[in-house]
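The next block holds one structure in the form of structure tokens; read it before the comments.
The values are calculated or read from the model by the stated rules, or taken from the named source; none is laboratory data. Just so it is clear, the structure is predicted and the values come from calculations on it, not from any experiment. Quick reminder, even Gly has a Cβ in these numbers, built from the backbone with ideal geometry, and neighbours come from all protein chains shown. Ligands, DNA and RNA are excluded from the accessible area calculation, which covers all protein heavy atoms including side chains. Shrake-Rupley method; radii C 1.70, N 1.55, O 1.52, S 1.80 Å.
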Amino acid sequence: MTRWIEDPALEAPDGHRWVRPAPDDCPACPCHTLRTCEGHQWHLATPPAYGDGAPYTEPCPCEQAATPEPRTITVTLGGTTRTVPVNLHRRGWLLGQLTTADGRDGAVFAADVDGRTVRVRARFEPATDGTPAADRCTDSAGTQWVLARRVSHGAQFGTITGWADPTTEETTR
């Protein structure tokens, strides 16, 4: 059954009121519409409120589930082991993958791109049963991952060759 809500955007000079169909509620949370949560449009939505108009104080469970989860991962490259910050993605095309954190701090790897060495961020894929033990990395949650050595820098592809020199300025997004 369709619910109706008042539409204050339309003027009703003769005393009647205009109504429009109410959007469907999100089945996973009490604070947003289905359209908001399915489209990940929390930043565009009106802040949720209780029925009495008081602001909703609890975080949206759908939005929290979609926020990348910060972790760390221990990686060994060229005989050097380091622990770097990563994000586990819970939505989008990187769903279920790790990426090194945004910004210069995440661009800790060196890659050969078109004959030059640049600083890059990296992506990690879940390890499978066939992944050699030497290629496995373990994150702070104990999950096994594999470093995806193929990266892009601008419009060109390259391969991770090792750890970046901290004095190198060039980074990639």
Inset, instruction - Collect the residues in region 52-79 that are open to solvent by less than 70 Å² (accessible area, probe 1.4 Å) and modelled with pLDDT of 90 or more, keeping them in residue-number order. - result: 71, 72, 73, 74, 75
Inset, instruction - Using the structure shown, decide if residue 69 is within 22 Å of residue 140 (Cβ to Cβ) and out of contact with any Asp or Glu (no Cβ under 7 Å at 6 or more places or on another chain). - result: yes
Inset, instruction - Starting from residues that are touching an Asp or Glu at 6+ places or on another chain (Cβ under 7 Å) and open to solvent by less than 80 Å² (accessible area, probe 1.4 Å), keep the ones in region 124-162 and report whichever is farthest from residue 69 (Cα to Cα). - result: 156
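The rows are residues; the columns are (1) among the aliphatic types (A, V, I, L, M); (2) farther than 29 Å from residue 38 by Cβ.
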residue	(1), (2)
112	no, yes
117	no, yes
124	no, no
127	yes, yes
134	yes, yes
138	no, yes
144	no, yes
153	no, yes
Inset, instruction - Hey, can you tell me all the residues within region 54-97 that are closer than 18 Å to residue 147 by Cβ and free of Cβ contacts under 8 Å to residues at least 12 places away in the same chain? - result: 79, 81, 83
Legend entry - Cβ pairs under 9 Å, 6+ apart, first in region 19-44 and on the phi > 0 side of the Ramachandran plot, second open to solvent by less than 50 Å² (accessible area, probe 1.4 Å): 40/62; 40/66
Legend entry - So residue 94, is it modelled with pLDDT of 85 or more and surrounded by 13 or more Cβ atoms within 10 Å (Cβ to Cβ): no
